[in-house]
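We did not get these values from a lab; they are worked out from the coordinates using the rules stated. This is a predicted model, so every value here is computed, not measured. Note that each Cβ is placed from the backbone with ideal geometry, even for glycine, and that neighbours are counted across all protein chains shown.
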Amino acid sequence: MWIIILCPAMLAFAPPAATLGGAACGAARVHLAMVCEQPAPTRRTAFQLAGALGVAAATGALDRQAALAAPPAAAAAAAAPKRKLSEYQKAAVEIKQLVKADPNKGPTLVRLAWHSSGTYDKAQRDGGSGPGTIRFKEELAHGANAGLGAAVGWLEPIKRKHPKLSYADLFTLAGVVSIVQMGGPAVPWKSGRVDGKPAQVTPDGRLPAADKGAPKATAAALRQTFGRMGFNDQEIVALSGAHALGRCHPDASGYAGPWTPTPTLLTTAYYSLLLNEKWTPKKWDGPLQYEERSGKLMMLPSDLTLVQDARFAKYVRLYAKDSKRFYADFSAAFAKLLELGAEGLTPTSYV
Ligand code: HEM
């Protein structure tokens, strides 16, 4: 938390303490600290954007009094006892460095963790993060995994340095470390996944479709796909908030562009934009996707489904106005996702 007072820009851009009330939450503070680690233009943009969009998560919840009362960094560092890091913590430091060096890798690592877990079938009790099969060419060849081979490659040097860590643990660890690194909540994480064999790769088609031709069909398919993993409507909407991050790549999915103007910060901007912007079909040669007035941001048909379907939309409205609730629900759902198909896990600290 002390990082906050090292950043004069934060105090300059932070809203007055009176407007913040008691809404301070740890995740938002991590978020603000992360903003300070960005180069100055990014920092300005994040706060300006937050003002423009009214995104509570990006500006709100800063307990300025607490920040000012925090100990100076040098004193805190001197007072902190030297601790021996576990292999998981060492790997987490290296993942953090990877994302710091290239923030655009953060969203892709979150996607890798999600796709390595989202193949789970609760009825058949197969798939999921347990055996780490997304590293195999058979699974990377699945249509939805286009582009994720690169992310597996980024983690190879870390795997080589920490051979006792399974790939399956490493992929999920990379997801939670990236979430924190991008200002999201701490996600409880468990270790102990045991790498499997190519024979455990599940059939292609288990990940959600971005478009089933009509909003009702797309919504039904989302419920069917996430229901197969064991998720309900609220969890589907909470998890989809990850689309605040990253972008679509024409050479991967065929879709193009980011969902939000701050693709390396996990905020509630995805929900605010879904509700407040007018989304129209993009005129182009590519697959159906939607754009707002400026044409710079995009939504997939499956994203828009979340406001077209009343049962989903109530959670979009909830998370748009309550970032604390979003962080809590996202953390719980993402932790659950990363444990699908994995047995005998142990709660493990990675910070
Ligand atoms: C609801 C159903 C979902 C659909 C149809 C969907 C579809 C997509 C598509 C088409 C892309 C673009 C990939 C590319 O071109 O590189 C993407 C990116 C992404 N998705 Fe999803 N997704 C869904 C749910 C989720 C969930 C549950 C998460 C995480 C909890 C997630 C996290 C991400 C992230 C972080 C990216 C950006 C990756 C990057 O920048 O490289 N998505 N998604």
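The charge dipole of the range 215-326, taken about its Cα centre with unit charges on the Cβ atoms of Lys, Arg (+1), Asp and Glu (-1) only, comes to about 300 debye.
Put simply, the C-alpha atoms of the range 78-176 give a gyration tensor, and the ellipsoid matching it has half-axes of 26, 16, 12 Å, longest first. Backbone phi angles across the range 196-201, fed through the Karplus curve with coefficients 6.51, -1.76 and 1.60 (θ = phi - 60°), yield HN-Hα couplings of x, 10, x, 4, 8, 4 Hz in residue order; Gly and Pro are listed as x. Near residue 286: Cβ cut-off under 15 Å, other residues only, Lys/Arg at +1 and Asp/Glu at -1. The net charge is -1. When restricted to Cα atoms, the range 133-200 yields an Rg and a Dmax of 12.7, 37 Å, respectively. Taking a Cβ cut-off of under 9 Å around residue 119, the surrounding Lys, Arg, Asp and Glu residues balance to a net charge of -2, with basic ones at +1 and acidic ones at -1.
Close amide H pairs (under 5 Å, H built 1.01 Å from N) link residue 268 with 57, 58, residues at least 5 positions away or on another chain. Between amide H atoms placed 1.01 Å from N, distances below 5 Å from residue 126 occur with 121, all of them 5 or more places distant or on a separate chain.
Ratio of Rg to Rh for the range 215-326: 0.94 [Cα atoms; Kirkwood radius as inverse mean 1/r over pairs].
Only aspartates and glutamates eight or more places from residue 283 in sequence, or on another chain, were considered; those with a Cα closer than 20 Å are 211, 251, 291, 292, 303.
Modelled spin-label separation between residue 138 and residue 216, with each label point placed 7 Å from Cα along the Cα-to-Cβ direction: 3.9 nm.
Converting phi to 3J(HN,Hα) with the Karplus coefficients 6.51, -1.76 and 1.60 and the offset θ = phi - 60°, the range 105-118 yields 6, x, x, 5, 5, 5, 5, 4, 4, 5, 6, 6, 9, x Hz in sequence order, with x at every glycine or proline.
Could you give the size of the charge dipole of the range 109-236 about its Cα centre, using +1 on the Cβ of each K and R and -1 on the Cβ of each D and E, expressed in debye and rounded to the nearest 20?
220
For the range 276-341, applying the loop criterion from DSSP together with a ceiling of 15 other beta carbons within 10 Å to the chymotrypsin sites (Phe, Trp or Tyr not before Pro) yields 284.
Here the Karplus curve 6.51 cos²θ - 1.76 cosθ + 1.60, taken at θ = phi - 60°, turns the phi angles of the range 264-276 into couplings of 10, 10, 7, 10, 8, 4, 4, 5, 4, 5, 4, 7, 9 Hz, with x standing for Gly and Pro.
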